[in-house]
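The values are calculated or read from the model by the stated rules, or taken from the named source; none is laboratory data. In this text, all values refer to a predicted model and were calculated from it rather than measured experimentally. Heads up, the Cβs are rebuilt from the backbone with ideal geometry, glycines too, and the neighbour counts pull from every protein chain shown. The area values use the complete protein model at the heavy-atom level, side chains included, leaving out ligands, DNA and RNA. Shrake-Rupley method; radii C 1.70, N 1.55, O 1.52, S 1.80 Å.
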Amino acid sequence: MKINILAFGIAKDIFGGPSVSVELGNDANVSNLKYALEKEYPKLKQLASYMIAVNNEYALPGDGIHSNDEIAIIPPVSGG
Amino acid sequence: MQTQIKISNQPLDIQTCIDWVMSPESGGIDVFIGTVRNTTKGKAVLRLEFETYEKMAVTEMDKIAAQAGEKWPVQKLIVHHRTGILKVGEAAVVIAVSAVHRAAAFEACRYMIDTLKQTVPIWKKEVFEDGGVWVAAHP
């Protein structure tokens with residue numbers, strides 16, 4: 001399945017745009033997504049950390065991903 | 001507890017936030033204002049550029065506000081966060097908390113800003129004369 005990922009902050013710079021799409025297996029989870037992204041964009045590994053949000057909630061590595069989910073990459077936050 | 005959470009690309013109105021949390025039952029209001037500093041590690045900062053994942057940022061701020069309300073007897077709590085390009089001295093965030101006694105207002109306000117900085121999907125880029133840096137992105 002093709003997954004669209006929203007990007008913000010430095011992730012947007014690394015991807016070169018506000019979103020990217022990756023191809024994942026149908027039973028993919030957050031770990032699989034991070035692996036696929038890091039393969040395509042190795043600079044992600046230089047970040048202090050980053051999280052994946054699924055439908056506006058922080059997701060855990062084992063959480064499943066579905067084709068209609070809203071997925072976003074959350075690099076280290078710095079609000080305030 | 002009543003809460004109001006807002007993200008705006010317009011200058012924040014500090015007095016509006018304070019007025020909103022005032023109530024006859026309150027004995028104290030605590031206010032935190034985060035502002036744009038003119039230097040970082042000795043380098044002159046020209047401006048800050050804020051970006052938000054707005055829907056999730058509001059959801060996360062709602063969660064923190066609810067947690068603060070569980071921890072302390074807060075009456076009203078407001079958070080207004082700015083997005084877009086900010087000049088030195090401008091307010092990036094205003095948090096105001098009212099409570100019957102001051103201790104709850106102080107502690108809830110501090111909890112709000114400390115936790116906001118850790119969990120809410122908002123990012124700032126510090127722009128110097130020689131380019132910009134996303135704050136906290138790299139170790």
Heavy atoms only, probe 1.4 Å: what % of the accessible area of the protein assembly as shown goes to carbon and sulfur, would you let me know?
50 percent
Debye calc, one equal point scatterer per Cα of the protein assembly as shown, no solvent, log10 I(q)/I(0) at q = 0.11, 0.13 1/Å comes to -0.59, -0.79
What is the helix-to-structure angle for A:30-40, meaning the angle in degrees between its Cα long axis and the longest Cα principal axis of chain A, kept from 0 to 90 and rounded to the nearest 10?
60 degrees
Averaged across the residues of B:62-71, what count of C-beta atoms belonging to other chains lies within 10 Å of each residue's C-beta?
0
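Span-like helices, chain B: DSSP H, alpha-carbon axial extent 15 Å or more, mean Kyte-Doolittle 0.5 or greater, which ones?
Values: long enough: B:54-71 (26 Å, -0.59); B:102-119 (25 Å, -0.19).
Membrane-span-like by this rule: not one helix.
Stokes-Einstein at 25 °C, 0.890 mPa s, Kirkwood radius from Cα pairs: D for chain A in µm² s⁻¹? Mind dumping the intermediate values first?
Working: Rh = 12.6 Å.
Translational diffusion coefficient: 195 µm²/s.
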With every protein chain left in place, what is the accessible area per residue of chain B in square angstrom, probe 1.4 Å?
51 Å²
Okay, helix-only estimate at 222 nm for the protein assembly as shown: each DSSP H run of n ≥ 4 adds -39500 (n - 2.57), divide by all residues, round to 500 deg cm²/dmol; what do you get?
-9000 deg cm²/dmol
Once you average over the residues of A:43-53, how many Cβ atoms of partner chains fall within 10 Å of each Cβ?
2
Per residue, how large is the accessible surface of the stretch A:2-74? Use a 1.4 angstrom probe and give square angstrom.
52 Å²
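Show me you know the interface measure: the accessible area buried between B and A, both chains summed, probe 1.4 Å, in Å² to the nearest 100. Let's see the in-between values first.
Numbers: alone 8060 and 5050 Å², together 10960 Å².
It comes to approximately 2100 Å² buried between B and A.
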Once you place label points 7 Å from the Cα toward the Cβ at B:GLU90 and B:ALA103, how far apart are they in nm?
4.0 nm
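More than 25 angstrom separation, counting every C-alpha pair in the stretch B:2-130; what % is that?
Working: 2095 of 8256 pairs.
Percentage above 25 Å: 25.
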